[in-house]
1. Scanning for something hydroxyl-bearing (S, T, Y) and either open to solvent by 40 Å² or more (accessible area, probe 1.4 Å) or over 30 Å from L416 (Cβ atoms) (or both), does region 327-342 turn up at least one residue?
2. Quick one: how many residues across region 144-165 are modelled with pLDDT under 65 and either in a helix (DSSP H, G or I) or open to solvent by 90 Å² or more (accessible area, probe 1.4 Å) (or both)?
3. Got a number for residues in region 238-262 being open to solvent by 20 Å² or more (accessible area, probe 1.4 Å) and part of a helix (DSSP H, G or I)?
4. Is it the case that region 314-322 has a residue that's exposed (fewer than 15 other Cβ atoms within 10 Å of the Cβ) and outside any helix (DSSP H, G or I)?
5. Which residues, counting only those in region 475-501, are of a type outside the set (D, E, K, R) and closer than 13 Å to E512 by Cα?
6. I'd like to verify a number: residues in region 375-428 that are over 22 Å from L346 (Cβ atoms), in a loop (DSSP other than H, G, I, E, B) and β-branched (V, I, T), how many?
7. For region 451-493, which residues satisfy the criterion of being open to solvent by less than 60 Å² (accessible area, probe 1.4 Å), over 17 Å from F258 (Cα atoms) and not in a loop (DSSP other than H, G, I, E, B)?
8. I'm trying to understand the selection: among the residues of region 211-233, which are free of Cβ contacts under 8 Å to residues at least 24 places away in the same chain and open to solvent by 20 Å² or more (accessible area, probe 1.4 Å)?
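The values are calculated or read from the model by the stated rules, or taken from the named source; none is laboratory data. Here the structure is a predicted model, which is why all the values come from computation and not from measurement. So basically every Cβ, Gly included, is an ideal-geometry build from the backbone, and we count neighbours across all protein chains shown. Areas reflect the complete protein model, heavy atoms only, side chains present, ligands, DNA and RNA absent. Shrake-Rupley method; radii C 1.70, N 1.55, O 1.52, S 1.80 Å.
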Amino acid sequence: MENSIPIIIGVISLIIGFVIAKVLERNNSSQIIKSAKKRATSITKQAGKDAEALKKDKMLQAKEKFLELKSEHERVILNRDKKISEAEKRTRDKESKASSELAKAKNLTQEFEAKNKDYQERLSHVDKKQSEVDKMHKRQVEQLEVISSLSAEDAKAQLLDSIKDEAKTNAMAYIQNSIEEAKLTAQQEAKKIIINTIQRIGTEEAIDNCVSVFNLESDDVKGRIIGREGRNIRAIEAATGVEIIVDDTPDAIIMSCFDSVRREIARLSLHKLVTDGRIHPARIEEVVKKTTKQIEEEIKEVGKRAVIDLGIHGLHPELIKAVGRMKFRSSYGQNLLQHSREVAKLCGVMASELGLNPKLAKRAGLLHDIGKVPETETELPHAILGMQLAEKHGEKPDVCNAIGAHHDEVEMTSLLSPIVQVCDAISGARPGARRQVLDSYIQRLKDLEDVAFGFKGVNKAYAIQAGRELRVMVESEKVSDDKAAELSFSISQKIQTEMTYPGQVKVTVIRETRAVNIAK
């Protein structure tokens, strides 16, 4: 019994503690709920305030946007109204101007009608007077016929016969005196004019060659120009038709070709490739195409400068291009553009000495050799071809005749023709002006290329190595590999039978097939 009392006391203590804990826990829960409600109330109030502020802000923004759109709309309306008013004003001005012009036209019409009426009246009066004068003249003639016993026709015939005989006698005497005087002074005066003309024109010796030297910064660049197994140098030669000579010359390579246009294209292309640093066959072809277009533009500029320097105006653009192409052509070793400029200046001076039109003479002198630079090859003599080009592009008949007659291809019909012929001889015949050997050499190389172009399927042909090799590019679609070998043999046989040449000529036919696709 004594042992159970502490147990009971302990149980009672536990119950009392549990009850106390529950009471405390309920008090804490009620406080947490109260604080949570307070926080919720404050958060709700704050959210309401924030919502109200945001609402006011958005309303202000909407009002500002509305005012901005309204002002913009008003500006548009004002501009439109302004334009409408200006258009109405212009219309009113035009209407008033048209009405005033109409009134002026009516006044002019009335004045014209009045003047025309007055003119008709005067004309009728003059006709009456003329008829009276004719009658009086007829009566006088009849009276004279009665007095002189001759009719008017017989008297007129006798008078004309006497005047003709006297005029013939005087004319024959004057002509004889003029001929005698001309015989004594003509040769002396002609020599004087030619000598004065030559002395007033300073000339330079023309030196033209078939080789250009391309300078390099270092010999290391030579290897890049040659390329792997020589593919780069072969691509340059195939694209330009110029022989590239790489030897032991320090910091330089040599470009050899008789055609100065090809040589200039090769030089500029090589300069661009070396400067850019990218040297491979595809890049070489791209640069050569761009350089060819650049040279064509340069030809136009050269022609324009030459025409402006000589004071020639109104020349057709095609003729200006022909003048520009003269820079890259030579005649017996003499630069054709320099020769034509000299002839133009000589013609201008000589025409001034003879009292002719110097501008027209300069024009004929500059254009006299344009037949040497045709865009397409032809069998016509260059004088006839130049005359046809000048006629085609609207040049005057005197200029066309001077071009065609400067080598006596056609009959001279104007004084400009002998002047151009003489000045051409002066420019070409002076010492050092022309080199016959070089011209015959260039002509031989051109003939060599023309032999290749006589066969079907040939796209390009280049004579290189001073005419010791002929490289022929053929179209792969038209010429097969077997046909290429046969073509090489045929060309070599034709050269052997038709041409005269020193040593041997190697004929190389190149056939290339390309497959190109584009990834998009």
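1. Yes, region 327-342 has at least one match.
2. Looking only at that region, the number is 3.
3. Going through region 238-262 one residue at a time, the tally reaches 5.
4. Checking region 314-322: at least one residue is exposed (fewer than 15 other Cβ atoms within 10 Å of the Cβ) and outside any helix (DSSP H, G or I).
5. Passing the criteria: S476, V479, S480, A484.
6. Residues in region 375-428 being over 22 Å from L346 (Cβ atoms), in a loop (DSSP other than H, G, I, E, B) and β-branched (V, I, T): 2 in total.
7. V458, M473, V474, A484, L487, S488, S490, I491, S492
8. D220, G223, I226, R228, E229, I233
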